[in-house]
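Taken together, the values in this text are just the output of simple stated rules run on the coordinates, not laboratory data. What you see is a predicted model, and the numbers here were worked out from it, not measured in a lab. Positions of Cβ are generated from backbone atoms using ideal geometry, with glycine treated the same way; all protein chains shown enter the neighbour counts.
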Amino acid sequence: MDNARTAGRNEFIDSLMRDVSPEELPLISDYQSAIDAPSVKNIDGLEFGIEDAVVALGPLIVFAGTKVFTDLSQWTLQTGEKIAEKYIKKGTEHLLSRWLSSPKKGGLREVLNEDGKRELMSMVRASFRNKKIPKENVDKVLAALERRLFDDR
Amino acid sequence: MKLEVGADRLLPSLRRENDLRSWSISSLCFVISVLYLGTMINPLFHETWIENITNYHLIIASAVYLVLYLTVAGVRKRLAYARFKAAAPRRLHSSLVTNLAREIARELGLKVIFLSFGSFDERRVIAQVVKSKAIVQIGTGVLPLAALKPVEFRFRLAHEMAHLAANDYRSDRIVSNHYLCFAVCAGASLAAALGNYGYFAIDAVLARMNPNIITTSNPRYFVHLALSAFAATLLFGVVSMLLFAERRATRRARELLADGLAADVTRSGVPIAARNAEELKKGNLAEAILKPFLAHPDGDDRSRATETGNPFVYFNELVVVTHSFLMSLYIDLSLQVIADNAHRRAMYIMEKSVTSTLVACLVGGVFYFMSARLVMTAGSLSYGASDPQSRLSETMFRQLAYSICGTALMLASSQSIWFTLVDVRWPVDRLLKDQWDLFCLLLANALAIPVALFFSRRAWTKHNWAIRGAIVALPGAAVLLVGTGIFLVSDHPPPCHSPQEVVARKDC
C-alpha cells in the first residue's frame, strides 16, 4: 500500500473511530501496530491473573477499516477483470482510487453498485467470524462502517 | 509523590523478605543436594589420589551443584529471552498509556520499559526482567482499558510494577532455579540409593534360593541400606512437598501483597467484584480443593483483601511449617556432623575440641538464622496491618501448632532418628537415650518460634530495628541456651580402655 493510501486508511479509521468510540482515539496507533501481531502462547513473567473480557469497539474499528482498504485496493488492481466489473460501477474506477487516498464520507455510494456494497460488507463481517466477538458489537461497527462508506449525510 | 499508607514502608520489607527467601531456599537446596550427592559420589573415587583430599566428596558435590545451577540459570535465561523475542513486543505509541504507566512507575520509584504485545485477544499484563531491565508488557486487548476504564488500567499496571518493585520476579527466578537443581540432585541420589538397595535385595534373594552362591550380602548392611533408601525417600519427599507448597503459598501471598501495593498507589480496589455469600455457596468441591494450588488467589479473595482497606492480612502459614522444618533440620545436621548419638557427642565435645564442633554448628547456624529472619519478616509483614484486636492467644496457639508440625515432619524424615532404630528391641528407649539432646534442642526451637512471632507483631508497630533484630535472634538464643545446659549437665566421658573404644569413640 503506497503512502497516500496508508494516509487515507489512517484518516478513514480515525473518522470511523470518531463516529463510534471517540474516547479510544489516542489508542489508534497502538491498535494499528497490532493488526498483524502474532498470538503469544508462552511468555515468562508474572501475570495479573484476571483476564476478564474488555468490551471495546476500537480494535474492531481498526480491524474493519484495515479490511475495507485491503479489499478495495485489491479491487482496484483487478480493473478490467470480472470481479471488479461486477462490483464497481462503470467508469468510476478512478473515483475509487481517489477515495482510497482521500476517503470522504459516503464517497463509495457513487463507486460501488449494490452487489459491491453487499460483497464488501459481507467480507468485513466474515473477517470477524471465529473471533469470539459479541454480535451486537460487530453489528454496531458494521452499521457505522456502512454509514461512513455509503451515506454522505 | 509520597506514598501514604504502607507501600513505602512495605516495599523494603518485601524486598528483604524476597532476598531472605532466595538465600534460605538456596541454602536448603544446596545443603541437602551436596550432602546426598556427596554420599553418592564418595565410592567413585576410592583408591585414587582424590581420596587424600579432606572431604573431597563434598567439594566435588559442591562443584557439581554449582555447575548445574549455572547451567540451569543460563539455559532458562536464554529461553526467557527467546520467548520474549518470539512475542514480538512493540513500542507503545499512545501518550495516554505511557503517561499513565510512567506516573505509577514514578510513584514506586521504578525505571520500567513499557511494551505492547500480542493481538487483540491478548489480555495479559506481564512483568519481567530481561537483560537486567524491568519490563512491563501490556497485551493489546488490555489497551482499551486505558481509555475506557483508566482506574482499572492503572490498577493492573500498578500490580505488575509492585511485583517488579518488590523483586518478586528475580527472587522467584532464583528459587525456581534451585528447585530444578534440587530435583535433579535429589532424583540422582534417590535413584542411586534405591538402586543399591535393589541390588542387595536381589543378591540376598539369590543367596537364599541357592546356598552354593557366594554372596557379599551382610544382613546388617542390608538393613542399613534399606533404612538409608527409606530415609532419603522420605526426606526428599517431605522437602519436595514443602518446597512446592511454600512456593505456591508464597506466590499467592505475593499476588495479594501486589494488589495491596497497587491499591495503595492507585487508591482504588481490585477491579473485580467479590461474589456474595450465596454465590460462594454454589462453588463446587473441585474448585475448593484446587483453590490453594492455583498460582493466583481468586477474585473473591483479592477483592475482599482490598475492600476491607487492609490488603496485608494474609499470613503464609506454610512459611512457619517450612521454616520450622528447616531450622530443625539444621540443628539435626549440625549434631549429626559431630557424632551419631548424644553420649558420643558429649564425649567428643568435652574431650576433644569445642572449637571444631562449633565450626560445624556455625555453618548450620548461619542457615538457621536466615530461616529465622525470613519467618519473622514474613510474620511481621502480615501483622503490619492486621487487626490489633484479634486474639493473640489463638494466634500463638496456631503458630505453635505450625512450628510443631514442621518439627515433626523433620523428625519423621531424619536419618539420625531412623538409624537409631536399627537392631533394637525397645526403639523408644534407645531414641530417648541416643537423641535426647536433639529432642531438647528441637523442643526449644519449636517453642521459641511462636514466642518470637508474638513479639515480632509488637515490634512491627514500634519500628525499632534493635528490638526486631533481638526478636529474630530469639529462637537461636533459646537453642544455644539449651545447648549450653546440655553441655553442662552431660556426664564427663570415661577414659578409653579397649581398642574397640578407640575405634568407636572420636575422643579417644
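Label point 7 Å out from B:Leu294 along Cα-to-Cβ: which residues of the range A:25-67 have amide N under 11 Å?
Residues passing the 11 Å test: A:49-51.
What are the residues whose amide H is under 5 Å from the amide H of B:Ile113, where those residues sit 5 or more places off or on another chain and H is modelled from the backbone?
Residues meeting the criterion, in which the H sits 1.01 Å from N, are B:Ala134, B:Ile135, B:Val136.
Convert each backbone phi in the range A:92-99 into a coupling constant with the Karplus relation 6.51 cos²θ - 1.76 cosθ + 1.60 (shift: θ = phi - 60°), then list the ³J(HN,Hα) values in order as whole Hz, x for Gly and Pro.
For the range A:92-99, the Karplus-derived couplings read 10, 4, 5, 5, 5, 4, 5, 5 Hz, x marking Gly and Pro.
Among A:Trp99, B:Trp436, rank each residue by its count of other Cβ atoms within 10 Å, from fewest to most, as a rough exposure measure. Don't skip to the end; give the middle numbers.
Numbers: A:Trp99 21, B:Trp436 14.
Neighbour counts put them in this order, fewest first: B:Trp436, A:Trp99.
May I ask you to evaluate 6.51 cos²θ - 1.76 cosθ + 1.60, the Karplus curve with θ = phi - 60°, for each residue of the range B:443-452 and list the ³J(HN,Hα) values in order in whole Hz, giving x for glycine and proline?
Running phi through 6.51 cos²θ - 1.76 cosθ + 1.60 with θ = phi - 60° gives 5, 4, 5, 5, 7, 6, 4, x, 5, 5 Hz.
Whole-Hz ³J(HN,Hα) for each residue in the range B:468-473, computed from phi via Karplus 6.51 cos²θ - 1.76 cosθ + 1.60 with θ = phi - 60°, x for glycine and proline: what do you get?
5, x, 5, 5, 4, 7
Please give the average number of partner chain Cβ atoms lying within 10 Å of the Cβ of each residue in B:88-97, rounded to a whole number.
Values: counts 4, 3, 4, 2, 4, 8, 8, 2, 6, 3.
Averaged over the peptide's residues, the number is 4.
I need B:Arg154, A:Arg5 ordered by Cβ neighbour count within 10 Å, fewest first.
On the way: B:Arg154 22, A:Arg5 18.
In increasing order of surrounding Cβ atoms, one gets A:Arg5, B:Arg154.
Could you list which residues have their amide H under 5 Å from that of B:Arg124, counting only those 5 or more apart in sequence or on another chain, with H placed in the peptide plane?
Placed amide hydrogens put B:Gly139 under 5 Å from B:Arg124.
If R₀ is 35 angstrom, what is the calculated FRET efficiency for the pair B:Val238 and B:His46, using the beta carbon separation as r and rounding to 0.05?
Values: r = 31 Å, r/R0 = 0.89.
The formula returns an efficiency of 0.65 here.
What is the mean number of Cβ atoms from other protein chains located within 10 Å of the Cβ atom of each residue in peptide B:71-82, rounded to a whole number?
Values: counts 0, 0, 0, 0, 0, 1, 1, 0, 2, 4, 1, 1.
Going residue by residue through B:71-82 and averaging, the value is 1.
Quote the relative contact order of the range B:101-204 in percent (integer), defining contacts as alpha-carbon pairs under 8 Å separated by 6+ residues. Write down the numbers at each step before the final one.
Numbers: 104 pairs, mean separation 24.5, N = 104.
The value is 24 percent.
Taking only Cα atoms and a 10 Å spring cutoff, compute GNM fluctuations for chain A and point out the largest among A:Gly49, A:Gly106, A:Gly65.
In the Gaussian network model the winner is A:Gly49.
From other protein chains only, count the Cβ atoms within 10 Å of every residue's Cβ in A:23-29, then give the mean. Provide the component values of the computation, followed by the final result.
On the way: counts 6, 7, 3, 8, 12, 2, 4.
Mean partner-chain Cβ count within 10 Å for A:23-29: 6.
Counting other beta carbons within 10 Å of each Cβ, put A:Thr76, B:Thr322 in order, fewest first. If you can, show how the numbers build up before the last one.
Working: A:Thr76 16, B:Thr322 29.
The fewest-first ordering by Cβ neighbours comes to A:Thr76, B:Thr322.
Pairs A:Lys41/B:Lys149; B:Lys111/B:Lys131; A:Lys132/B:Lys77; A:Lys41/B:Lys131; A:Lys82/A:Lys135; A:Lys105/A:Lys131: which are spaced more than 23 Å apart, C-alpha to C-alpha?
Values: A:Lys41/B:Lys149 26 Å; B:Lys111/B:Lys131 14 Å; A:Lys132/B:Lys77 35 Å; A:Lys41/B:Lys131 21 Å; A:Lys82/A:Lys135 33 Å; A:Lys105/A:Lys131 28 Å.
Cα-Cα > 23 Å for A:Lys41/B:Lys149; A:Lys132/B:Lys77; A:Lys82/A:Lys135; A:Lys105/A:Lys131; rest within.
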